[in-house]
There are 2 protein chains.
Amino acid sequence: MAQLLNDRRDVQFVLYEQLDIESLTKDPKYADLNRKTFDLVISEARTLATKELLPISAEGDREGCSFENGEVKVPESFHRVYQLIMEGEWIALSDDIDVGGQGMPQVVKMVVDELFQGANTCLAVGLGLTHGAGKLVEIYGTEEQKKLYLKKIYSGEWSGTMALTEPEAGSEVGELTTSAKKNPDGTYSITGNKIFITQAENNLTENIIHPVLARVEGAAKGSRGISLFLVSKYLVNEDGTMGERNDIECTGIEEKIGIHGSPTCSMAMGGKGTCIGTILGKENDGLKNMFHMMNEARLFVAMQGLGLSSTAYLYALNYARERFQGRHITKLRDPDALQVPIIEHPDIRRMLMMMKASVEGLRSLNYYVGFCMDKAELETTGKEEKKRLNGLIALMIPICKAHTTERGFELCNLAIQIHGGAGACREYPVEQLLRDIKIATIYEGTTGIQAMDLLGRKLGMNKGQLFQDFIDEVGKIISAAKEQPRIKGLADNFDAAMEKLKVTASTIGKAAGGRQVEEAFALAYPFLEVFGDMSIAWMLLWRASAATTRLAKIVGDADEKKLADKIAKNKDAAFYDGQIQTARYFITSVIPKTMGMMDAINNLDGAVAKISDAGFGGK
Amino acid sequence: MAQLLNDRRDVQFVLYEQLDIESLTKDPKYADLNRKTFDLVISEARTLATKELLPISAEGDREGCSFENGEVKVPESFHRVYQLIMEGEWIALSDDIDVGGQGMPQVVKMVVDELFQGANTCLAVGLGLTHGAGKLVEIYGTEEQKKLYLKKIYSGEWSGTMALTEPEAGSEVGELTTSAKKNPDGTYSITGNKIFITQAENNLTENIIHPVLARVEGAAKGSRGISLFLVSKYLVNEDGTMGERNDIECTGIEEKIGIHGSPTCSMAMGGKGTCIGTILGKENDGLKNMFHMMNEARLFVAMQGLGLSSTAYLYALNYARERFQGRHITKLRDPDALQVPIIEHPDIRRMLMMMKASVEGLRSLNYYVGFCMDKAELETTGKEEKKRLNGLIALMIPICKAHTTERGFELCNLAIQIHGGAGACREYPVEQLLRDIKIATIYEGTTGIQAMDLLGRKLGMNKGQLFQDFIDEVGKIISAAKEQPRIKGLADNFDAAMEKLKVTASTIGKAAGGRQVEEAFALAYPFLEVFGDMSIAWMLLWRASAATTRLAKIVGDADEKKLADKIAKNKDAAFYDGQIQTARYFITSVIPKTMGMMDAINNLDGAVAKISDAGFGGK
């Protein structure tokens, strides 16, 4: 049967033939694990995603969430599946066993995230938020807080949120006005309103735990005066049982273009009485602490982009194989020619190839970053190497988040396009994917915010060492590929593009730190896009390199004719050859465009900064 | 008050300062018209669009269409406004007065189309179909058919459709199976099913007229054996009154991602009795005749793309001016800095500039093609010039259609992005625009079909003369701009890009006609995209050239400082300077990417053609 979520073979290839995540098990931290365990976990997740999450996705979209008298109902069908997720203990998959986790590596969790998000992003996104709330308690909570909350959150018995955004403080979190007043008993009374808070009210769980950003009375203006609080829907008694209803109330939910099954709530705290919160970490450390877990949250949204794109790719691929329409391009004038499946048409192939290259490149990139996170936490990883890995992660996070979701949106659009008229109809699943993925370029820091993070913070961090470490990592792959005759040409071309990237990074980096700051930041997103495309190409070349070695083992010194034969008969040969063709496509047909974008960046043009307000027209 | 649909000043600029459409009135055909008449018509259309069509657009989206027992209801609020449109005689605005039209030039009708589509595309799109059905009757109808149908269609009393698509014959129209059998009285009995037929059933009009493609029994297979029929919901008596109900029935409507107010119908003909049709034109000429009006239909969809994009731009621009959030990029570390409207942020400006450049460039391009249509029909236009103009039109139509709608989709997405989280919410209008515009890249020939038309037919037509004429037209603008010091540099850069376009067209053209046909057609859409971007740049340079002349008249030899002063105080100066900045942005920051895409095309890579089916994975 045709696959629907992500391609099993491809996932295996990345984990074991590209990244070699099995190497983690050599470290004491993962000594009890092995490839079989990883595969078992992934296989179970795939079954759950395919058989339970996916079938209720369209239904959840149609039914949506409802709001009445402060109560929010999620789609009815979600309840049973949520119980299955809880039973499977999926939420804290990669957390330590002693805090209620399953002790798996982050990279394995990411495969699961991709599967769950690709199957039913509305249900899956809530799991990520719950986990994030738990993580904050784990890191910053007192022993008391941990005892009362942690296991209930990590198990999913209580759900979690992330309460940052306010009507007048969206991307500019430091402007928030929610206030906190310390009470004699050490708790705080919280007053304020939050908007766009995912699952802040829902009927999946009996209690809901909100990490809330607020300003203690008298604290500094701006981001320096923000503290982090734990506010629960029901107060929790000392024995862990649920106490009184706290004064945090849902005042409405948004009607949105997509993720209809995921409630987006407006919340009022302290509007009717007293909303009690306890502090998480120290006063005024709120934003710093919240940002500490930003990497995880942003990577999770990247997996939303990846999961939905991957599902979109397989839907489009299956449709293109099944749908017969039109004659082959070489037989347009032959009246007796039969109609062919549309996958044989060049333009459909182009779209599928773009989808394949992007999905696979982004899969490798995101898994790679997860794998770096795992390596940074190994007992045998030295201090310097940890620093290097954490730097690489910091550099790549904005790219993972923004590029996966922006590309993902385009890929879901291509999936519709491949379906033709059917793609725009709700009878087919792809239009929902496009609607669902849209929000991913906005929340957890818009694409514009990611681009500023990359250019304004990460690129110059540690005197540019993060970027240099990236260049070195890419260089290793290029060097290896240059040794392989079949892909040497690709490696050479990509190498030239990398040289241009270095120049571009230097140009825009200098401008951003100097007098051309406005020109530079108007090019921050194009720069991120360039960086993202180059990262995809890096991953695809790495894949091609691994595939070339393995293909040689299957086909030996076969000539072109025999090679084609092998590919037609041997599934592995076809897979590896597919990897090489994909890298070839991306480096030969996409990277030249990326290099053109670098030329544009190097022009550092000032028109965007210079045009007058009236010049934009419209008044 | 902020404008909402298209920018008045910009429309005026294109019509009178760029294209000079007033020149049409020198011809006897338009001798009775003048600029005042044009402006009056456009102004009335703007009022109707703003005050009547726009306010019911969101309501139409929420309410949608309903289907019950073969009857389709459009949104309730559409009825009153449809009457206003009929009263204003808007449908046949550019048709001859003696057939019931208003005798306006096509280019004026396009401004109206842009306004109506931008305000309420669901209502507007039906007007275009009705007009198209009328046009077929006007061109191919017998005197009897014209007498019975034409004025009722052109007035909008009866609505029209375009019934091509069948379940197994989407883009491949030649595969259709609907059949026609000639009756002794000269009529035909039609049997078959059609899908995706816009407004084929609706309760706006009492009768509905369907031009239907079908194959006469015994006719040739494929597209050569297709004939065109006129099938009406109610038969029409000889005296013009409505007769019996014909056996054409709606069997259902689609639930779609967007255009909820526009019913997309499945139709069964001859399923319950006899569906009577009369032939339009000769037997077996059906596809040729239908395609004769393809230019009009495709340009109309381009205006859908343009109208929605233009509205998206103005919504985004207004929001960016009103929404305060974050500090200016040069004051990020100043704790006392105030929040600024987001239009001051570089990344927001970049998105707005991309929207402005694209919308304005596409506006000029589409109006230009409409203006060419008008010029081709003037009494004083010679035979050779007519041929040249029609060639240019034929070349540009696939670009107008595909590029306006593909870019338009991206622009609506940018409008959401500029709104941040609000953009994804139904409370704001931009998410509907994204959903509504999606279908425009699919119907009337998908983007892939347009790309094949451009590469496979138009590029090599008349031994490449069409393309040469395009080059010559662009060359005139470049030469003029090179004479203007302020934009000479831009003209030089664009000239270099045009040289590269010539090489690229030659490379891909030869490949398409030779042994690399699969490689070439896998690059057909990238080539169309390149051609489209270059066309936008051409138009923007033309605009900049016109603006430079006019700006010089206002500011004289002012130095930079004084120029900035003038721009701040003089609205016209700001507008003209905005034109120059926009061209500068596009040629300096977008065209380098386009040139990179040309490099990719010139690589003529074969990976897309070569990858094996199994190599795509998924099984």
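Any read-out appearing in this document is the output of simple, stated calculations on the displayed coordinates, not a laboratory observation. Computed from a predicted structure; not experimentally measured. Glycine gets a Cβ as well: all are built from the backbone with ideal geometry, and neighbour counts include every protein chain shown.
Peptides B:592-598, B:461-467, B:181-187 ordered by packing proxy, namely the average of other Cβ atoms within 10 Å per residue, highest first: B:592-598, B:461-467, B:181-187. Distant-in-sequence amide contacts of A:Leu280, defined by a placed amide H-H separation under 5 Å and a gap of 5 or more residues or a different chain, comprise A:Leu228, A:Phe229, A:Leu230.
Peptide B:410-420 shows a mean partner chain C-beta count of 3 within 10 Å per residue C-beta. The phi torsions of the stretch A:197-203, fed into the Karplus equation with coefficients 6.51, -1.76 and 1.60 and a -60° offset, translate into couplings of 9, 5, 6, 5, 9, 6, 9 Hz, rounded to whole numbers, with Gly and Pro shown as x. Divided by 2.2 N^0.38 Å, where N counts the residues, the Cα radius of gyration of the protein assembly as shown comes to 0.93. Full extension of the chain between A:His292 and A:Lys331 yields a length gain of 8.1 nm, computed as 0.36 nm times the residue separation minus the alpha carbon distance.
Of the trypsin sites (Lys or Arg not before Pro) found in the stretch B:312-366, those that fall in a DSSP loop while having at most 12 other beta-carbon atoms within 10 Å are B:Arg333.
All other residues whose Cβ lies under 12 angstrom from that of A:Glu431 are scored, Lys and Arg at +1 and Asp and Glu at -1, for a net of +1.
Ranked by the mean number of other Cβ atoms within 10 Å per residue, highest first, peptides B:264-271, B:396-403, A:71-78, B:532-539 order as B:396-403, B:532-539, B:264-271, A:71-78. Hydrodynamic radius of the stretch A:335-468 by the Kirkwood approach over all distinct alpha-carbon pairs: 17.4 Å.
In chain B, the calculated helix contribution to ellipticity at 222 nm averages -17000 deg cm²/dmol per residue, counting -39,500 (n - 2.57) for every DSSP H run with n ≥ 4. If you take all other residues with their beta carbon under 12 Å from the beta carbon of A:Leu127, and give Lys and Arg +1 and Asp and Glu -1, the sum is -1. The Rg/Rh ratio of the stretch B:362-418, with both radii computed over alpha carbons and Rh defined as the Kirkwood radius, is 1.19.
So what's the net charge close to B:Lys482: Lys and Arg +1, Asp and Glu -1, counting the other residues with Cβ under 9 Å from its Cβ? Counting the neighbours of B:Lys482, the net charge comes to -2.
The other copies place their A:Thr37 label points at 8.4 nm from this one, listed shortest first, where each point is 7 Å from Cα along Cα→Cβ. With its label point put 7 Å out from Cα toward Cβ, B:Glu560 sits 5.6 nm from the same residue's point in the other copies, in order from shortest. Checking the cross-link pairs A:Lys146/A:Lys272; A:Lys221/A:Lys510; B:Lys288/B:Lys458 against a 19 Å limit on the alpha carbon distance flags A:Lys146/A:Lys272; A:Lys221/A:Lys510 as lying beyond it. In order along the stretch B:234-251, phi translates into HN-Hα couplings of 10, 4, 10, 6, 4, 8, x, 7, 7, x, 5, 6, 7, 8, 10, 9, 7, 9 Hz, rounded to whole numbers, per the Karplus curve 6.51 cos²θ - 1.76 cosθ + 1.60 with θ = phi - 60° and x for Gly and Pro. Angle of helix A:106-119 to the longest C-alpha principal axis of chain A, folded into 0 to 90 degrees and rounded to 10: 90°.
Between copies, A:Arg457 shows label-point distances of 5.4 nm, shortest first, with the point placed 7 angstrom from Cα along Cα to C-beta.
3J(HN,Hα) couplings calculated from phi for the stretch B:206-222 with the Karplus curve 6.51 cos²θ - 1.76 cosθ + 1.60 (θ = phi - 60°) are, in sequence order, 6, 10, 10, 10, 10, x, 10, 8, 8, 10, 5, 3, x, 6, 4, 5, x Hz; Gly and Pro show x. Where chain A is rotated onto chain B, the residue of A whose Cβ comes nearest the axis, and that gap in whole Å, is A:Gly596, 1.
The mean number of Cβ atoms from other chains found within 10 Å of a Cβ in peptide B:421-432 is 5, as a whole number.
Taking 25 Å as the straight-line reach from the Cα of A:Lys36, the lysines in range (excluding those fewer than 8 positions away in the same chain) are A:Lys26, A:Lys51, A:Lys109, A:Lys375, A:Lys553, A:Lys571, B:Lys619.
Here the average projected area of the convex hull drawn through the C-alpha atoms of the stretch A:447-610 stands at 10.3 nm². Note on the stretch B:159-290: semi-axes of the ellipsoid equivalent to its C-alpha gyration tensor, largest first and rounded to whole Å, are 22, 20, 12.
With a simple spin-label model that places each label point 7 Å from the Cα along the Cα-to-Cβ direction, the separation between A:Arg9 and B:Arg80 comes to 6.2 nm.
Model label points for A:Met461 and A:Lys562, set 7 angstrom from Cα along the Cα-to-Cβ axis, are 5.1 nm apart.
The residues A:Glu143, B:Glu529, B:Glu44, when put in order of fewest to most other Cβ atoms within 10 Å, stand as A:Glu143, B:Glu44, B:Glu529.
If both residues of a DSSP beta bridge must be in the protein assembly as shown, then about 85% of such bridges are antiparallel.
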